[in-house]
Amino acid sequence: MNIIVPIKQVPDLVEELEVDSSGKALDKEWLKFRINEFDDHALEEALLLKEDLGGTVTVIALDGDDVDKALYTAAAKGADKLIKVTGVDAELDNHKAAMALASVIKDMDYDLILTGVQAVDDLDGQLPVLLAEYLGLPHIEVVTGVKVDGNVATVQKEFSGGIVGEYEVDLPAVLGIQAARETPRYVPVAKVRRAMRSAEIEEVSANVGDVSSALAVERMFKPETGGGAEFLTGSVDEIAAKIVELIKSKI
Amino acid sequence: MKKVLVIAEHLNGQIQDITYELLGKAKELAQGGEVAVLLMGKDMQDAANSLGAADKVLYVDSDALAQFNPQTYFLTAAKAIEEYQPDIVLVGTTSQGMDLAGALSARLKMPLVAYVSALEDGKAVSQLYGGKMNVEVGLTTPYIAAVLAGAFPADKGKADGTPEVVEMAAPDLSGAKVRFKQLIEPEAGDVDITAQDVLVSVGRGIQSEDNIPMFEELAQKLGGALACSRPIVDNKWLPKSRQVGKSGLKVKPKVYLAFGISGAPEHIEGMKDSELIIAVNTDAKAPIFDYAHYGVTEDMFDLVPKLMEKL
Ligand SMILES: Cc1cc2nc3c(=O)[nH]c(=O)nc-3n(C[C@H](O)[C@H](O)[C@H](O)COP(=O)(O)OP(=O)(O)OC[C@H]3O[C@@H](n4cnc5c(N)ncnc54)[C@H](O)[C@@H]3O)c2cc1C
Ligand SMILES: Nc1ncnc2c1ncn2[C@@H]1O[C@H](COP(=O)(O)O)[C@@H](O)[C@H]1O
């Protein structure tokens, strides 16, 4: 069972986000990046499947902010192979990102591709589905359970209200993982440091045609924060009293 | 005058609210042109009766379409779009729509704008970064827009009457690589969070499972129940039946107290219609404050003990 996990670094949303001078993109100067949270789940599910069935896990990422760190972290968790795809700038353009990843993945040997269900920074649709289409594979998004038997996977897809659909899919396929069956494992920094010395990142250049999202970004702006809320101020004690009063007025 | 096609969504035979939300918007975008709904299913002709706001229902009937299937629905929708040639295609940024929008965009080479929170002729606003940024994009037809659930009112897409139903043939779906097996209903929880007057809802900001009992106690003191955001369920700190949001439950209590929840669009979708929303979050820029009536930026661990004292 050879599994490919595409991962992406995204801005840490705990940070304050600012628009840059172009007015169309994030100001990255002070941004902290972290792995997209659902990619951690995709990687976890891949590692669990490998533990069950044997095989390899290959992690692949487009070059970008702090990507090496994310790849080495994946190695420390148990990924066998790390690939960095260079030569493409696909910010806010998943069509291009998917095409770039597809250009590298198409020549690889794999049974399954597990991505995160979504990242916080795309404008033109879900990468797993685009990737599947460019590779000519079936796809299922919003996946919370994967079992593999031979070359068929049984997959659970979450709808609203906690309703789950169960599907069978012929492999290879692309699955967008919402949640792994276990909480993603944690690796201590020391282990990541060790991986940085022992693991190797293979760099491959992308081969992208003139695909693009064809969207014209006109401006990026912050929503009016706090537009709705009246902020309660004063001492914590006063605020607590006010909250109790508000609640009591409703019930 | 535009031709607008709405891709209908149904689950368990029920047309979902998003369909009406899209329909209302479609009528506005059509500017006197034609609004059609694409309905894919098995023996679902009668559902057209609830789509009176549309001019036309394009109906495709097949065993392979009885329940949502990422592949058969995609292939059928692609064929319908090629035949109908709409200027604008509207689909939900929902679990179903997330499987369709991108695939249609790539296959039909139509640009796609997703996470749409506002849409008018030639322009869309898309909500990114967990609701912390908006991006405005210019659009020229034909295009596909994947719209956030709850972005537009469902009322505008509801009207009496039965639109003309045009049957369309399904493409050959016999070799589908994705096969639907079954729908699994959620296990009933110990409490029904949709039936509470007061919900104390906790998010990742509570940091540890050890803090759950404190909020449980607070909920009890208020005569309500404890609810949560998705990461709390993914961490297995609370059961799925307590999850509020897109893939959890939609709640509308009299009071919704949110502790350490940032307010990602997927969470907002499930609670924004609560009567009184009070949010506690140390980040004054957290999107939850756009929807809360009252906001507090104190550390919740300072605030909660004081709240308990007063109850
Ligand atoms: C298809 C799909 C479906 C989804 N469905 C759902 C769903 O149904 N429900 C749902 O909730 N999410 C859902 N999500 C996930 C959603 O995108 C967010 O990841 C999630 O809502 C974030 O949860 P959170 O706000 O608890 O965590 P975070 O976004 O991490 O926010 C934690 C917040 O706590 C605050 N905080 C930290 N410490 C303190 C403190 N001491 N005092 C006060 N505040 C503090 C921080 O400022 C931060 O704003 C879904 C995602 C996808 C892709
Ligand atoms: N630039 C990228 N490089 C590698 N993987 C990506 C990239 N963008 C998206 N992905 C993968 O696709 C998933 C869904 O992302 P998205 O569709 O961009 O929201 C992510 O969770 C990643 O697994």
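The values are calculated or read from the model by the stated rules, or taken from the named source; none is laboratory data. None of the values given here were measured: they were computed from a predicted structure. Here the Cβ positions follow ideal geometry from the backbone for every residue, glycine too, while neighbour counts run over all protein chains shown. All accessible areas refer to the heavy atoms of the entire protein, side chains included, with ligands and DNA or RNA removed. Shrake-Rupley method; radii C 1.70, N 1.55, O 1.52, S 1.80 Å.
Scanning the range A:210-251 for residues that are touching a residue at least 12 places away in the same chain (Cβ under 8 Å) and of a type in the set (Phe, Trp, Tyr) returns a single hit, A:PHE221. Looking at the range B:244-262, which of its residues are more than 7 Å from chain A (Cβ to nearest Cβ) and among the hydrophobic types (A, V, I, L, M, F, W, C)? The answer is B:VAL244, B:VAL251, B:LEU257, B:ALA258, B:PHE259, B:ILE261. Screening B:GLY175 with (1) assigned to a loop (DSSP other than H, G, I, E, B); (2) open to solvent by 30 Å² or more (accessible area, probe 1.4 Å); (3) touching a residue at least 40 places away in the same chain (Cβ under 8 Å) gives one miss only, at (3).
Within the range B:273-301, track down each residue that is more than 9 Å from every other protein chain (Cβ to nearest Cβ) and either part of a strand (DSSP E or B) or more than 12 Å from ligand 1 (Cβ to nearest atom) (or both).
The initial filter retains those residues of the range B:273-301 that are more than 9 Å from every other protein chain (Cβ to nearest Cβ), namely B:273-274, B:281-282, B:300-301.
Residues satisfying the conditions are B:ASP273, B:SER274.
I'm trying to understand the selection: among the residues of the range A:186-215, which are surrounded by 14 or more Cβ atoms within 10 Å (Cβ to Cβ) and under 30 Å from B:LYS285 (Cα atoms)? Scanning the range A:186-215 gives A:SER213, A:LEU215. Filtering A:GLY78, A:GLY55, A:GLY64 for residues that are away from ligand 1 (no atom under 16 Å from the Cβ), at pLDDT below 95 and either open to solvent by less than 20 Å² (accessible area, probe 1.4 Å) or more than 30 Å from B:ASN281 (Cα to Cα) (or both) leaves a single hit, A:GLY64.
Hey, does the range B:86-98 have a residue that's buried (at least 24 other Cβ atoms within 10 Å of the Cβ) and over 23 Å from the mean Cα position of the chain (by Cα)? Yes; the residues of the range B:86-98 include at least one that is buried (at least 24 other Cβ atoms within 10 Å of the Cβ) and over 23 Å from the mean Cα position of the chain (by Cα).
Taking A:GLU200 and the conditions (1) closer than 27 Å to A:VAL129 by Cβ; (2) out of contact with any strand residue (DSSP E or B) (no Cβ under 6 Å at 6 or more places or on another chain), which numbered condition does it fall short on, given that it satisfies the others? Unmet condition: (1). Residue-level check: of (1) open to solvent by 10 Å² or more (accessible area, probe 1.4 Å); (2) more than 14 Å from every other protein chain (Cβ to nearest Cβ), B:VAL60 misses just (1).
Among the residues of the range A:112-147 satisfying the criterion of being open to solvent by 30 Å² or more (accessible area, probe 1.4 Å) and more than 12 Å from the chain's Cα centre (by Cα), which is nearest to ligand 1 (Cβ to nearest atom)? Taking the candidates together, the pick is A:THR144.
Listed by first and then second residue, the pairs with beta-carbon distance under 7 Å, at least 6 apart or on different chains, first residue in the range B:69-98 and over 15 Å from A:ALA132 (Cα atoms) and away from chain A (no Cβ under 13 Å), second outside any strand (DSSP E or B) and within 16 Å of ligand 2 (Cβ to nearest atom), are B:ILE81/B:LEU104.
Applying the set (1) in a loop (DSSP other than H, G, I, E, B); (2) more than 10 Å from chain A (Cβ to nearest Cβ); (3) touching a residue at least 24 places away in the same chain (Cβ under 8 Å) to B:ILE232 leaves exactly one unmet item: (1).
Give the residues of the range A:7-32 that are closer than 30 Å to A:ASP109 by Cα and either within 16 Å of ligand 1 (Cβ to nearest atom) or open to solvent by 40 Å² or more (accessible area, probe 1.4 Å) (or both), sorted by residue number.
Of all residues in the range A:7-32, those closer than 30 Å to A:ASP109 by Cα come to A:7-10.
Those that are closer than 30 Å to A:ASP109 by Cα and either within 16 Å of ligand 1 (Cβ to nearest atom) or open to solvent by 40 Å² or more (accessible area, probe 1.4 Å) (or both): A:ILE7, A:LYS8, A:VAL10.
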